[in-house]
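Here the structure is laid out as structure tokens; the discussion comes afterwards.
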Amino acid sequence: MTQIAPDAIAPDLTLIEQLAHGAVASLPEPYRAAATHIVLRIEDFAPEDVLEAMDLHDPFELTGLYDGIPLTEKSVADQVTHPDVIWLFRRPILDEWADRGDVSLQEMVTHVLVHELAHHFGWSDAEIAEVDPWWE
């Protein structure tokens with residue numbers, strides 16, 4: 001059984017962001033280059049208005065969110081009003097990671113990030129599985 005140091009602290013927002021950038025850096029080309037143009041935002045929880053819009057009552061239900069126009073729907077005629085953003089929510093990610101207990105935090109963050117990238121790139125489940133073999 002793994003012992004946890006008594007002075008250990010929970011992974012903070014900065015660590016989750018570092019893990020997310022590491023996940024982007026590990027993507028195969030051409031996805032890696034394209035993913036660097038997406039803004040990563042790391043917060044403890046989704047904003048209340050986002051939860052309400054998604055009809056979610058428990059903030060732990062949302063580990064990540066893609067906010068943008070998928071590449072499959074973009075047009076050169078589109079007026080860009082804001083950059084595409086992937087939000088990762090630290091507390092729900094940590095909660096799911098702890099519940100699973102059989103994956104590393106890097107694997108968990110990568111899994112959530114890849115799921116959100118799938119919305120951006122318009123990937124099928126088979127394409128997601130090529131990038132994230134952990135995909136269920």
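To keep it simple, each residue is scored yes or no on (1) on the phi > 0 side of the Ramachandran plot; (2) within 11 Å of the chain's Cα centre (by Cα); (3) not in a helix (DSSP H, G or I).
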| residue | (1), (2), (3) |
| --- | --- |
| THR72 | no, no, no |
| SER75 | no, no, yes |
| LEU88 | no, yes, yes |
| TRP97 | no, no, no |
| VAL114 | no, yes, no |
| HIS120 | no, no, no |
| TRP123 | no, no, yes |
| GLU127 | no, no, no |
| GLU130 | no, no, no |
>> What pairs come out if I take residues in the stretch 64-93 that are over 19 Å from MET54 (Cβ atoms) and pair them with residues that are of a type in the set (Phe, Trp, Tyr) and surrounded by 14 or more Cβ atoms within 10 Å (Cβ to Cβ) whose C-beta lies under 8 Å away, six or more apart or interchain?
In response: LEU71/PHE121; THR72/PHE121
> Can you spot a residue in the stretch 115-122 that is in contact with a strand residue (DSSP E or B) (Cβ under 8 Å, 6 or more places away or on another chain), crowded, with 18+ Cβ neighbours inside 10 Å and among the acidic types (Asp, Glu)?
Replying inline: yes
>> Consider the stretch 80-101. How many of its residues are modelled with pLDDT of 90 or more and loosely packed, with under 10 Cβ neighbours inside 10 Å?
In response: 1
> Which residues, counting only those in the stretch 28-79, are of a type in the set (Asp, Glu), under 11 Å from HIS120 (Cβ atoms) and either loosely packed, with under 10 Cβ neighbours inside 10 Å or at pLDDT 95 or above (or both)?
Replying inline: GLU73
> How many of the residues making up the stretch 81-108 are β-branched (Val, Ile, Thr) and touching an Asp or Glu at 6+ places or on another chain (Cβ under 9 Å)?
Replying inline: 2
>> If I ask for residues that are β-branched (Val, Ile, Thr) and touching a residue at least 40 places away in the same chain (Cβ under 8 Å), which ones from the stretch 30-63 would you list?
In response: ILE38, VAL39, ILE42, THR63
> Taking the stretch 58-92 on its own, how many of its residues are among the β-branched types (Val, Ile, Thr) and within 20 Å of THR110 (Cα to Cα)?
Replying inline: 3
> Looking at (1) free of Cβ contacts under 8 Å to residues at least 60 places away in the same chain; (2) surrounded by 17 or more Cβ atoms within 10 Å (Cβ to Cβ); (3) in contact with a helix residue (DSSP H, G or I) (Cβ under 8 Å, 6 or more places away or on another chain), which is the one condition that is false for ALA23?
Replying inline: (1)
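The values are calculated or read from the model by the stated rules, or taken from the named source; none is laboratory data. Because the structure is a prediction, the values reported are computed rather than measured. Please note: Cβ atoms are built from the backbone with ideal geometry, for glycine as well, and neighbour counts cover all protein chains shown.
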